[in-house]
Amino acid sequence: MRIKLLCILILSLIVTELSSQVKLNRANVSSTNRNDSSNVKRSRGFKDLATIDMYRKFNTDKDTTIVDTTLTIKKDYKFNYLQRDNFGLMPFANIGQTYNAMTFDYSNNQTNPLFGARARHFNYFEEDDVGYYEVPTPWTRLTYKTAFQQGQMLDAFFTVNLSRQFNFSVAYKGLRSLGNYQNALTSTGNFRVTSNYHTKNKRYRAKGHIVMQDLLNQENGGFLNAEVENFESGNEDFIDRSVFDMNFQDAENILVGKRFFLDHSYDLVTKKDSLAKNQLTLINKISFEDKFYQFYQDFPASDFFGDFFTNDINDKVTLENFNTYAGVEFFNNILGQLQFGLNYTNVNYGYDSLVFFADEIIPNRIKGDFIGLSASYEKAIKGFQLRGSARLNLSDEFAGSFIDGQLGFQLNKDIYLSGGINVSSRLPNYNYLLYQSDYTNYNWNNFNAFENINTQQLKFRMSSDKYLNASLDISNIDNFTYFNLESVTDELRTIRPNQYDSSIQYLRLKIQKEFRLGNFALDNTIMYQNVVSDADVLNVPAIISRNTLYYSNEIFKKAMTLQTGVTLNYFTEYNMNGYDPLLAEFYTQNETEIGGFPRLDFFINAKVRQTRIFLKAEHFNSSFTGYNYFSAPNHPYRDFTVRFGLVWDFFL
């Protein structure tokens, strides 16, 4: 990890020396973007002026965002390990561990099963998480944050346009944190290289990336049942968290993946006159991903996982996934944009050997290669924005499909309304279908037993700075698939995949509104959820809320922006999902209710030129509101701690 980070820093310094020097000029900065590095001017004879809106980021859907260096309350919400707003996620005690999701979006644009170990994937960069860039001058961003005991997090990013047509970026995000509890070390790394190219006439365009990731967690299985009472008592003898006895001391799991991706297109026909524009484009996408998940343990924990085959626990599962897409896109400014194409997918998931039981043989592989059809349409009509997409797998074994449609309308300058429908059908994730382990209870084959998960969702959204931001979605789920806690005896638990044979209706309503009075503001986000089903298989809290009261102002003759306040996070009590470290998955349980405790964070943030500084006293109320805070059954949430971090942008 250190070697990769050092290489990135050295590369940044080399390009810095080779690049012409840059001066920042804020003379023309508008009042609304006063905190941005709005103008960047080359000092060696270049007459062109680089403004902040020239520093652009693209994704695979061709959406464009402008690099933002302002300090807002949303930046505080995103300054965490995931570097995105984690509303609705409950983090575990150590940074780099998993998150317990308290809300779910069942809108689905996947037609194939996903790799298992989903609890390890929160910090895993998928195809849509990788950005591509276009910048007039080299740009470097360093993100740093302290961790828990002997560690830190650093994300180093650098991008440069080697010409007007070709952009290159390299980044590495590394974390190491010992944690406050026994056997809770986290060590992760995410290495990314991207390129973005187009010819001078822009008829040929190409975007590609290489991503290599390794996410390692030591696993302690949470408290022994007898230690839960000691934790909740608040006894001074247990304030040192390292004295608690955990379920095991020698277990680790790791998720490792690498992906090679290319998305390129060529405008075969381009005709434009005073009345119409017609364009015909050939598109090709290629993706190859190779990943594995491994759980190993020096000594079997039979009192926790049950009987075992061997004393050396070493479970490893792999997935090779190759996908290519070839399509044609037609654009006409009157008819809209239509795309149609073919997908080819080859998958190879599984293990190296068979597992033999007296009455069953567990196979070792799920293999397949199949063709799929894809189509999409987009059209803007007098303030309305219509989007639709669909995909269908032409396979009996890997049957899957989705249809997604959205309609948006700009009512006025402030209010934007949108609605949509999503209908999908796909197989459950691979680890529901086939799993092998050195523990006898963790072996199953459901590939021909489980049906497709079928979902239908209606969604509506309103965006307004003046009034409020609101979203509503209603989902119907058939064949809901989940890991179920079937029985508990002392510490021993039996976890099995299950498929619910009735329908589930799931409603979510989320409202966000900020009230301002001078330099003070109160930002509120609240979500209401309701599940209707005959059995408690999908458990979520009825209310999730986040309320932030803060003060912001420019001080020292506007040389620094100050932001300080308090954030309250809360969710109502419910049967929170449990965590299984062997599977790296969450399971449904109806034995233990968790919630109803407040989490208060005090923060002081500042921005000086291109540097944003974050200082936060996390969960400062932990010692006086009760030690009943958990992230999952037997897994405690974080105690009071003070953490520091910064985001430093260099525009060269």
FRET efficiency for Q294 and D240 from the Cβ-Cβ distance with R0 = 30 Å, rounded to 0.05, comes out at 0.40
Note to self: with every protein chain in place and a 1.4 Å probe, the chain gives an accessible area per residue in Å² of 47
Inter-part gap, Cα centre of the range 477-502 to Cα centre of the range 314-386, in whole angstrom, is 28
Taking a straight Cα-to-Cα line shorter than 12 Å from K207, and setting aside same-chain aspartates and glutamates fewer than 8 residues away, one finds D61, E127, E134, D263
Length-normalised contact order of the range 380-533, Cα under 8 Å, at least 6 apart, in percent, tallies to 15
Straight-line reach check, K74, cutoff 19 Å on alpha carbons, 8 or more apart in-chain or any other chain, hits among lysines -> K57, K145, K466, K510, K513, K607, K616
If unit charges are put on Cβ atoms (+1 for Lys and Arg, -1 for Asp and Glu) and the dipole of the range 399-558 is taken about its Cα centre, the option from N454, Y435, L509 lying farthest towards the positive end turns out to be L509
Quick calc, the chain, dipole around Cα centre from Cβ unit charges on Lys, Arg (+) and Asp, Glu (-), nearest 20 debye, gives 5260
Excluding ligands, DNA and RNA, the carbon-plus-sulfur percentage of the accessible area of the range 492-619 with a 1.4 Å probe reads 57
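Quick check on the chain: helices-only [θ] at 222 nm, where DSSP H runs of length 4 and up contribute -39,500 (n - 2.57) each and the sum goes over total residues. Nearest 500, please.
Taking each H run of at least 4 residues, the total per residue is -1500 deg cm²/dmol.
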Scoring only Lys, Arg, Asp and Glu (+1, +1, -1, -1) among other residues with Cβ under 13 Å from the Cβ of N454 yields -2
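Per the 1.4 Å probe, what fraction of the accessible area of the range 364-448, in percent, lies on carbon and sulfur atoms?
Whole-percent figure for carbon plus sulfur exposure: 56.
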Calculating percent of Cα pairs over 33 Å apart from this structure picks out, from [x] 53; [y] 47; [z] 66, entry [x]
Reduced to Cα centres, the span from the range 77-127 to the range 192-268 in Å works out to 9
The range 544-622 and the range 285-312 have their Cα centres apart by a whole-number Å value of 33
Once the dipole of the range 392-491 is set up from charges on Cβ (+1 Lys and Arg, -1 Asp and Glu), the residue from the list S395, F409, N422 lying farthest towards its positive end is F409
Once Lys and Arg are counted +1 and Asp and Glu -1 for all other residues with Cβ under 15 Å from that of Y416, the total becomes +4
Any aspartates and glutamates whose Cα falls less than 19 Å from that of K413, other than same-chain ones fewer than 8 residues away, would be D465, E514
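Could you sort R203, R387, R643 by their accessible area in this structure, using a 1.4 Å probe and putting the largest first?
R387, R203, R643
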Neighbours of N109 by Cβ distance under 14 Å: Lys/Arg at +1, Asp/Glu at -1, summed charge -2
Most packed first (mean Cβ within 10 Å per residue), the peptides 409-420, 241-252 order as 241-252, 409-420
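The values are calculated or read from the model by the stated rules, or taken from the named source; none is laboratory data. All figures in this text were calculated on a predicted structure; none of them were measured in a lab. Reconstructed Cβ throughout: ideal geometry from the backbone, glycine too, with neighbour counts over all protein chains shown. When the accessible area is computed, the model is the full protein with side chains, heavy atoms only, and any ligands, DNA or RNA have been set aside. Shrake-Rupley method; radii C 1.70, N 1.55, O 1.52, S 1.80 Å.
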